[in-house]
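Reading through the structure tokens given below for one structure.
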Amino acid sequence: MDFSERKVVTPAQRKNGLYELYEWEGKKVVEVNRFNPLDIFLVCLVPSLTGCISCIVIALLYHHDAISNYNWQCGRARLPSLSRIINLPLERTIWQMVILYHAPMRVIGLATGFTRFARLRSNLCSNTELFELSRYAYLGFGVLELGLMIAISIIGERENIKLHVVLFYAFGLVGMVHFFANIYCHRYSIYFLKPYGVMAYRLKVLFFCMYVLSAPVLCASFFLYWKACITVAYDIFAITEYAGVVINISFHCLVFFDIRHKVIFSVRHYEPLPPKPIAVTTVIPVNRVPSIQQRSRAQA
């Protein structure tokens, strides 16, 4: 079967915009609407990426004096950390809006991926136990990563700086496990098909490697600033932090290639079918059927 062949599956629409009525499993079904994966991607994930980048750009261009050049014990830091950026009123509002806006679709995406990985497992997967473990890790750590992202957005430096730092590092570690589980399930499922499946797999591996390599740079630069008082180290820390956020969101944006030409988003209305009338057939025993002589006597 050629999976790369594109097929038109959308039926013709009526003038009122509703799809044709059909019956399925004893129910009357009307398909109200059908969404293109590109529409879902543009509405759900692109605003999150652009919103997070906009927060950083707005803070650096318009609120630079409020969050940079703050004098710490090891010298003045020229670039602010992401935590200080999302503490500003405007940037905090934008950040929380885009993060909370895309959260419900992330949950739906995780649930969809969890079920589809099970149904689309490739025959080339020799270790089914590891695949199942990765599939559950994909779901569990994905939900945990999303929860930590929301917690970081709500609990900032102003509320509790120690808890904010712990949540930030936990978010990074949980994200790494989720990325690895996603990559493994992608490789040993039918998602790994040319042309988009292979390209998405390679991009996922690239972003995962960049994300993992950013962790030691982040920790080392932060340690060098606070312990060795190397001022430029904090600038490296801030830049790495910005890059980590962009890499994280870019990795999740690759879901577009997973669903392109593979998933249809449909909104349907179901109604139970009315019960069909039951035809009753009366069977008369042979011995009770009147004979010709009996009927003649009855007529006489």
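Of all residues in the range 101-121 being closer than 19 Å to residue 246 by Cβ and free of Cβ contacts under 8 Å to residues at least 60 places away in the same chain, which is surrounded by the most Cβ atoms within 10 Å (Cβ to Cβ)?
The residue in question is 102.
Identify all residues within the range 59-81 that are buried (at least 18 other Cβ atoms within 10 Å of the Cβ), more than 28 Å from residue 41 (Cβ to Cβ) and in contact (Cβ under 8 Å) with a residue 24 or more places away in the chain; write none if there are none.
Across the range 59-81, the qualifying residues are 77, 79, 80, 81.
Among the residues of the range 82-97, what is the count of those that are out of contact with any His (no Cβ under 9 Å at 6 or more places or on another chain), in a helix (DSSP H, G or I) and buried (at least 20 other Cβ atoms within 10 Å of the Cβ)? Full working, then the answer.
Residues of the range 82-97 that are out of contact with any His (no Cβ under 9 Å at 6 or more places or on another chain), as a first pass: 82, 84, 86-87, 89, 92-97.
Cutting the leftovers down to in a helix (DSSP H, G or I) gives us 82, 84, 89, 92-97.
Next, only the ones that are buried (at least 20 other Cβ atoms within 10 Å of the Cβ) stay: 82, 84, 95.
Count: 3.
Please determine, by comparing only the residues of the range 268-282 that are modelled with pLDDT of 70 or more and loosely packed, with under 10 Cβ neighbours inside 10 Å, which one is nearest to residue 31 (Cα to Cα).
Residues of the range 268-282 that are modelled with pLDDT of 70 or more, as a first pass: 268-275.
Pick out the ones that are also loosely packed, with under 10 Cβ neighbours inside 10 Å and you get 272, 274-275.
Details: 272: 15, 274: 19, 275: 22 Å.
Filtering the range 268-282 for residues that are modelled with pLDDT of 70 or more and loosely packed, with under 10 Cβ neighbours inside 10 Å, the one nearest to residue 31 (Cα to Cα) comes out as 272.
Can you name every residue in the range 169-218 that is surrounded by fewer than 19 Cβ atoms within 10 Å (Cβ to Cβ), closer than 19 Å to residue 82 by Cβ and among the aromatic types (Phe, Trp, Tyr)?
Once the filter is applied, which keeps residues that are surrounded by fewer than 19 Cβ atoms within 10 Å (Cβ to Cβ), closer than 19 Å to residue 82 by Cβ and among the aromatic types (Phe, Trp, Tyr), the range 169-218 yields only 169.
Hey, can you tell me all the residues within the range 175-198 that are more than 20 Å from residue 119 (Cβ to Cβ) and modelled with pLDDT of 90 or more?
Hits for the range 175-198 are 175, 176, 177, 178, 179, 180.
Quick one: what pairs do we get from the range 39-56, first residue under 17 Å from residue 149 (Cα atoms), second in a helix (DSSP H, G or I) and of a type in the set (Asp, Glu), C-beta under 6 Å, 6+ apart or different chains?
55/91
Under the condition of being surrounded by fewer than 19 Cβ atoms within 10 Å (Cβ to Cβ) and among the acidic types (Asp, Glu), which residue from the range 126-168 is modelled with the highest pLDDT?
132
Just wondering, is there one or more residues in the range 154-170 that are in contact with a Phe, Trp or Tyr (Cβ under 8 Å, 6 or more places away or on another chain) and touching a residue at least 24 places away in the same chain (Cβ under 8 Å)? Steps first, answer last, please.
Start the filter on the range 154-170 by keeping residues that are in contact with a Phe, Trp or Tyr (Cβ under 8 Å, 6 or more places away or on another chain), which leaves none.
Among the residues of the range 154-170, not one is in contact with a Phe, Trp or Tyr (Cβ under 8 Å, 6 or more places away or on another chain) and touching a residue at least 24 places away in the same chain (Cβ under 8 Å), which makes the answer no.
Matching residues to (1) at pLDDT below 75; (2) under 29 Å from residue 89 (Cα atoms):
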{"site": "37", "(1), (2)": "yes, no"}
{"site": "44", "(1), (2)": "yes, yes"}
{"site": "50", "(1), (2)": "no, yes"}
{"site": "54", "(1), (2)": "no, yes"}
{"site": "57", "(1), (2)": "no, yes"}
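The values are calculated or read from the model by the stated rules, or taken from the named source; none is laboratory data. In this text, all values refer to a predicted model and were calculated from it rather than measured experimentally. All Cβ positions, glycine included, derive from the backbone under ideal geometry; neighbour counts span all protein chains shown.
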